[in-house]
Amino acid sequence: MKIIYDSTYAGFLNALSKSLEEGHEEISAFESEGLFETNFLISSDLKAAEAFENKIEKISPQALKVIRLLWLSESKGFENLALGYIKNLFKYGAEGLNNIQNIYVAKSDRIAKKVLSEVHRFKGFVRFSQTAGGLMFAEIEPQHNILPLIKGHFRTRFGKMPFLIYDKKRKLSLVNIEGKCEIKNIEPDFEASFENDAEIEKLWLKFFQTIAIESRKNEKLQKSFVPLKYRRNMTEFRIK
Amino acid sequence: MELLEKLEILANSAKYDASCASSGSDRQGGAIGSAHISGICHSWAADGRCVSLLKILLTNICEYDCAYCINRKSNNIKRTAFSADEICRLTAEFYKRNYIEGLFLSSAVIKNPDFTMELMIKAVKKLRKEYGFAGYIHFKVIPGCDLKLVREASIWADRVSVNIELPDHKSLEKLCPQKNKESVFKPMKYAADLILESAQSKKLKMAPAGQSTQLIVGADENSDFKILNLSQWLYNRIYLKRVYYSGFVRLNDDSRLPALKEPPLIREHRLYQADWLMRFYNFKADELLKDGENLNLFFDPKTAWALKNLDLFPVEINKADYETLLRVPGIGIISAKKIIKARKFTSLTAQGLKNMGVSLKKAVYFITISGKYYGLRTGNKERLENLLLEYKQDELFDLKSPARTYISANTGNL
Ligand code: SF4
């Protein structure tokens, strides 16, 4: 039987734990339309979810980290990978994390790593502009839901300076004002107009273009480091 | 002159300096910024090099006349200089927008080395004290300056470096008549002592991210053997964090310089690989090359080494220790660690290795898996070379492999 959950993190954990108990093989956030398929719907239970997290963490904190990263990855079918991962964990305990010849463990580790490498990339790729009010504002469209994972970094980097990073894909904002740094479910209520930043942007663009050595030109290599999908929100590629 | 034009001139003059690393420091506690321990690339320029620092010269006005340099006195180019405030403002504004991790400040020799250093120190001191900047600063020490100034610079900077440029004094004196071995190595050794000393004290941190240097490759006749031995000495004796290799780009028409049409990029790449092997794979320079030799351009240095030492292979992947695994062509640090980890659980199979993402394409000729050999008998060296030569194709032209090296080369990340 296939378990359908409500697309929340708690629901995802509930679905995992239920599948383990009852031996279901598939978890999804969407109902499938197959005629003979039976779907089993669950609604999320926060307390049970928390208890399940604790249970995982007790066996291995690293395993919990992987489960959370899988969730944030939002990649297709991550629920079923997580299920395989957890089954292996509950069968072998912490030792099971070494079972990387197992396809579920290997794939889960790989996706977790992908998320973390996007996090590392975005520590570099986020581009801020200064608004008239002095707020540093950035828009991003990452493949994975990385906002919770870059929070600490930008908070230390900016200190008290107010900033807002807006994830356009997920309509989530990381807001740092008045000593508080949190992720909110809001869209910024101002238009992105940055005339006052034009001078600095021009200087940056000039620097960026000048620093490349003509006789070593290698745009393919450049593309492998800064894939086109990220360039829309990067000052040096955005300005023509 | 407008700031925009100054920036263009002084970035253009600085761009041939290879190092752009911003790693190894975790400074915190200024009004803005923190240096990140593993280094961050913020962008990549059209030549595929990482942009992490605002890399500029304070001035390109130069008293010296080094043969290979675009800023040399005898060149007829536009000259200018930044004020301390201009440097501070650019750094702070770029940093705030997350364009950069910090500042890389170098300079041509205006009047004399001491005078130049004083101007540079004034700028970084201001950046730290008045602008409250706690981001990364890489400070290029001017050869021949007073040692007191090296000390002063190390107080404000995360990393200092003195460029050696040429691997021996003969070519140094030939191509840079105003410099000599002493003028380079004295400040370098002095900085090494400072860093070592301050690493042990809690009070004053001096250049906590250590010291690096740069060597120009292909501007003289020196062999890779000589270069790698020099690097090895620098790592072991001067405790340098990084040696950067910069393929010679011919900018001046000068009879003392070789007539290279293009920078020797593959040679440069091989040197980075060999450097990597020395720092993280326990290879010694004399294992890789004999006196006077250059690195093989067709094979990466590890494969070249393995082909010369076929009697050591194949090794059993279920038994070999970490050091031995690292010496197998095609198995890098990540794969070796995975193998050790997976073996703790159960023994390895060919399919399992594949699942783990350990590529056997190349390694297959050098290993057995539970006693079974899947490759071609290593006794047949010539055929083996030909087979590997095919893989060399994707190594040179497939983007991924050099890409990975450069990520690492440029962030010091591993
Ligand atoms: S000292 Fe030599 S290498 Fe340095 S800027 Fe002047 S000419 Fe160039």
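The table for this structure:
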read-out	value
For B:R89: the one exception among (1) open to solvent by 30 Å² or more (accessible area, probe 1.4 Å); (2) away from chain A (no Cβ under 12 Å)	(2)
Verdict on A:P227 being touching a Phe, Trp or Tyr at 6+ places or on another chain (Cβ under 6 Å), more than 17 Å from B:I100 (Cα to Cα) and either open to solvent by less than 70 Å² (accessible area, probe 1.4 Å) or away from chain B (no Cβ under 13 Å) (or both)	no
Evaluation of A:D167 against (1) at the interface with chain B (Cβ under 8 Å from one of its Cβ atoms); (2) touching a Leu at 6+ places or on another chain (Cβ under 8 Å) (one fails), failing number	(1)
Any hit, segment B:258-274, residues being part of a loop (DSSP other than H, G, I, E, B), aliphatic (A, V, I, L, M) and open to solvent by less than 40 Å² (accessible area, probe 1.4 Å)	no
Evaluation of A:A138 against (1) open to solvent by less than 10 Å² (accessible area, probe 1.4 Å); (2) in contact (Cβ under 8 Å) with a residue 40 or more places away in the chain; (3) more than 19 Å from the chain's Cα centre (by Cα) (one fails), failing number	(3)
Unique residue being within 28 Å of B:F248 (Cα to Cα), more than 14 Å from every other protein chain (Cβ to nearest Cβ), touching a Phe, Trp or Tyr at 6+ places or on another chain (Cβ under 8 Å) and more than 16 Å from the ligand (Cβ to nearest atom) when the list is B:R159, B:R128	B:R159
Subset of segment A:93-133 (residues that are farther than 22 Å from B:G135 by Cα, within 8 Å of chain B (Cβ to nearest Cβ) and not in a loop (DSSP other than H, G, I, E, B))	A:E95, A:G96, A:N98, A:I103, A:A106, A:R110
Candidate set: segment B:57-91, residues that are closer than 30 Å to A:D197 by Cβ and among the hydroxyl-bearing types (S, T, Y); chosen: the one nearest to the ligand (Cβ to nearest atom)	B:T59
Members of segment B:278-287 found to be part of a helix (DSSP H, G or I) and either under 14 Å from B:I216 (Cα atoms) or open to solvent by less than 10 Å² (accessible area, probe 1.4 Å) (or both), listed by number	B:A285
Every residue from segment A:51-98 that is of a type in the set (V, I, T) and either assigned by TED's automatic domain parsing to the domain that holds A:L147 or open to solvent by 10 Å² or more (accessible area, probe 1.4 Å) (or both)	A:I59
Top-ranked residue of segment B:330-354 - restricted to ones that are of a type in the set (G, A, S) and more than 7 Å from chain A (Cβ to nearest Cβ), ranked as least open to solvent (accessible area, probe 1.4 Å)	B:A336
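Residues are listed down the side, and each one gets a yes or a no for (1) closer than 27 Å to A:E219 by Cα; (2) in contact (Cβ under 8 Å) with a residue 12 or more places away in the chain; (3) within 14 Å of chain A (Cβ to nearest Cβ):
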site: B:G48; (1), (2), (3): yes, yes, yes
site: B:L58; (1), (2), (3): no, yes, no
site: B:C66; (1), (2), (3): no, yes, no
site: B:R72; (1), (2), (3): no, yes, no
site: B:T80; (1), (2), (3): no, yes, yes
site: B:Y95; (1), (2), (3): yes, yes, yes
site: B:N98; (1), (2), (3): yes, yes, yes
site: B:E101; (1), (2), (3): yes, yes, yes
site: B:F115; (1), (2), (3): no, no, no
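The values are calculated or read from the model by the stated rules, or taken from the named source; none is laboratory data. Everything numeric here is computed off the predicted structure, so don't read it as measured data. We place every Cβ from the backbone using ideal geometry, glycine too, and count neighbours over all the protein chains shown. Remember, those area values only see protein heavy atoms, side chains included, never the ligands or the DNA or RNA. Shrake-Rupley method; radii C 1.70, N 1.55, O 1.52, S 1.80 Å.
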